[in-house]
Amino acid sequence: MTSGPTGRASAGHGASAPGACSALFDEKGVSAFGTAARAGFWLAVEQTGPWGRSAATESHLPTEVGRRLDQECASRGGRLAMLRAPGPHADAHHSGGRTAYLAFSGPQPWLLVAPATSVEALLEVDFDALAAGHREAAAASLPGATAAAPVLLVCTNGRRDVCCAIRGRPVALEAAQAAPGRVWESSHTGGHRFAPTGVLLPHGGTLARLDAALCAEVLESALAGQVPERALGPLHDRGRSALTPGLQAAESFVRHEIRETSLDALASRELADPAGGTDAEVTRAEVTHADGRRWLVEAGLEATGATLPESCGKTAIATREWRLRRL
């Protein structure tokens, strides 16, 4: 059985030029399964003003602070994101405290927020505790950190790819009006070819081809530990950031097949090849449900036959997507 999007992205976001990467991926209906950027945890930090291509070191956040935070996250399998409130963002330095989130996206995910964090406090975060999912220790390392409702980070980093700014910013702005304080513009989250893209924290659920109405549905459903049924399938579901690409694809495939909307119902692990071989482009996965059901799935990367640019301005390459079948 193969995967592939059905239908087009919904209206309600800005329109990229016909030759833009996200417009071409929409036109060809390339599956989003298995394309979430890897991150077992997230440090998401408010930083007003402009961001460069590398937002951590090309913003008004002190360069050395941004570099160190980025390294602390990346070295432990996590990700640093810069945030802005949707709307106008003048080229001005941040004054006062900044909102910061600590999110663990592994088993039993959790999210903490500190609403008035200083640069000095960010440097004292216990990244080992955050990476290990030790909520109490992570909270103790960031003054003022308390439990937070799920939030959605919508990528709007136009210096990384123009599609994210043109298509992402209108979606973030409209979605924020429906869910005040729970939608943020975000620096690069990967996958601008699927813009508008977003990441639901703390779960690390990564979404493609967003519109404002779907953002609102995602945030409302997340309060009850659910994902809207409309978000299932290869049109929108890129996978959970804590998993490898093959496991992301396998789990999203099962979720779509059984129409599972509980965010925490499924878990996935990679199985060894019974023949003893190794192939980085083929993943054998066991997907299990909290009720005891299990599925064996094979995910393999295959060419779609389309040659497309994965980012605006880059050379077009042969496009591949995950083909999935039950074993």
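Quick note: the coordinates plus some simple rules give every number you see, no bench work behind them. Just so you know, these numbers come straight off a predicted model, no measurement behind them. As a convention, Cβ positions derive from the backbone with ideal geometry for all residues, glycine included, and neighbour counts pool all protein chains shown.
Things worth noting here:
- Counting beta carbons within 10 Å around each of Glu321, Glu302 and listing the fewest first gives the order Glu302, Glu321.
- Residues in the stretch 124-167 that a label on Glu27 would reach, taking backbone N under 19 Å of a point 7 Å out along Cα→Cβ: 162-164, 166-167
- Shape category assigned to the stretch 244-327 from the gyration tensor of Cα positions, a/c cut at 1.5: oblate
- When each of the peptides 22-29, 288-295 is scored by the mean number of other C-beta atoms lying within 10 Å of its residues, the order from highest to lowest reads 22-29, 288-295.
- Charging the Cβ of each Asp and Glu at -1 and of each Lys and Arg at +1, and nothing else, the dipole of the stretch 41-147 about its Cα centre rounds to 260 debye.
- For the stretch 49-204, the spread of Cα positions along the three principal axes, ordered from largest to smallest, is 39, 32, 27 Å.
- Put in line by how crowded their Cβ is, counting other Cβ atoms within 10 Å and starting with the fewest, Thr244, Thr63 read Thr63, Thr244.
- The label point for Asp128 and the one for Thr63, both projected 7 Å from the Cα toward the Cβ, are 3.1 nm apart.
- Average Cα contact separation per residue, the chain, under 8 Å, 6 or more apart, as relative contact order %: 21
- The chain: angle of helix 212-222 to the longest principal axis, Cα-based, in degrees nearest 10: 90
- Treating r as the C-beta distance of Arg76 and Arg53 and R0 as 22 Å, the FRET efficiency rounds to 0.40.
- Rounded to 5, percent antiparallel among DSSP beta bridges of the chain: 85
- DSSP assigns beta bridges within the stretch 41-147; of those with both partners inside it, close to 70 percent run antiparallel.
- With a simple spin-label model that places each label point 7 Å from the Cα along the Cα-to-Cβ direction, the separation between Ala272 and Ala303 comes to 3.4 nm.
- Per-residue HN-Hα couplings for the stretch 244-259 [Karplus 6.51, -1.76, 1.60; θ = phi - 60°; Hz; x = Gly/Pro]: 5, x, x, 5, 3, 5, 5, 5, 5, 4, 5, 4, 5, 5, 9, 6
- Estimated FRET transfer efficiency when R0 is 41 angstrom, pair Arg259-Ile317 (beta carbons, to 0.05): 0.75
- In percent, rounded to a whole number, the relative contact order of the stretch 280-327 is 34, using alpha-carbon pairs under 8 Å and six or more apart.
- In the stretch 41-147, Cα pairs under 8 Å separated by at least six residues give a relative contact order of 28 percent.
- Shown for Ile317, Ile166, Ile258: other C-beta atoms within 10 Å of each C-beta, ranked fewest to most, produce the order Ile317, Ile258, Ile166.
- Taking Cα centre as origin and charging only the Cβ of basic (Lys, Arg, +1) and acidic (Asp, Glu, -1) residues, the dipole magnitude of the chain rounds to 520 debye.
- Each label was represented as a point 7 Å from its Cα along the Cα-to-Cβ direction; for Ala147 and Arg294 these points are 3.2 nm apart.
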